[in-house]
Every structure is written in C-alpha cells, then in structure tokens.
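What follows is a set of notes on a single structure, which appears directly below.
Nothing in this text is a laboratory measurement; each read-out follows from the coordinates by a stated rule. Since we're looking at a predicted model, the values are computed, not measured. Every residue, glycine as well, gets a Cβ built from its backbone with ideal geometry; the counts of neighbours run over all protein chains shown.
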Amino acid sequence: MAKGKKEKVERRMRIHQSIREDMMGTSVRPRLSVYRSNKYIYAQLIDDFEGHTLASASSLEDGIDGETPMDESRKVGELIAERAQEEDIDKVVFDRGGYQYHGRVEALAEGARDGGLDF
C-alpha cells in the first residue's frame, strides 16, 4: 500500500525531531541544516544557542545553474562553504533534516566538504 503525502511528511518530521534531540549548533560549530523541496534545495548555518542564522544558500540564487538537480545541489554546498569561510567557520554539524543521506542531500554535503567545511 502506497503512503500518502501526509504520512511521508509526518515520518520525516519524526525522524528530524529524533536527530535534533542530540544535535546542537553553536557559534563556533554551527548546524548545517538542509531543506529539500521537489524543485529546490536550501542550506543554512544556524547557531542554536542564539537562535540566529549565520549564513544561507539556496538553488534559487543567481549563479546556481546546473544541468541536473544534483549539479545545483553541489553548487549550493560549495556556496554555503564559501559563505561559512567568510564568517571564519570551518567546522559544522550536518543536519540532514530527516532526509536520507542520498542523492541531492549527499551532493550538497560533498560540495560543502569540497568547499572546505569539516563535518
């Protein structure tokens, strides 16, 4: 039996909550949070103690053009790494947002690692 959209979203949110119980971003080592929609991908560096977003990037920005969604995700990862370097951040905690570490989420992570982030 196929799952409906509501069940899939609720399952992802339960997984995300479970992950977030053990994960905390600081100003020294912020949380790299990923959100993936059907069309775009977004990444944020978050300081959870202050409740501030330190940097963000998404596939909606100019200059993020790829032939495939995987290429765009990798470029978003490289862009977030570049913006983290500007903020003197080189280590992060990776928050996959309840998504499987596969496909576009993995491509974003690899792009961020190639850009110089350590996680």
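Projected label points at Asp88 and Phe119, each 7 Å from Cα along the beta carbon direction, are separated by 2.2 nanometres.
Which loop-located trypsin sites (Lys or Arg not before Pro) does the range 1-108 contain, where loop means any DSSP state but H, G, I, E or B and the Cβ has at most 12 other Cβ atoms within 10 Å?
On the way: sites: Lys3, Lys5, Lys6, Lys8, Arg11, Arg12, Arg14, Arg20, Arg31, Arg36, Lys39, Arg74, Lys75, Arg83, Lys91, Arg96, Arg104; in loops: Lys3, Lys39, Arg96.
Listed in order of number, the matching sites are Lys3, Lys39.
Here the Debye sum runs over all C-alpha atoms of the chain as equal scatterers in vacuum, and log10 of I(q)/I(0) at q = 0.12 Å⁻¹ comes out as -0.42.
Counting charges near Glu21 (Lys, Arg +1; Asp, Glu -1) among other residues having Cβ under 15 Å from its Cβ returns a value of +1.
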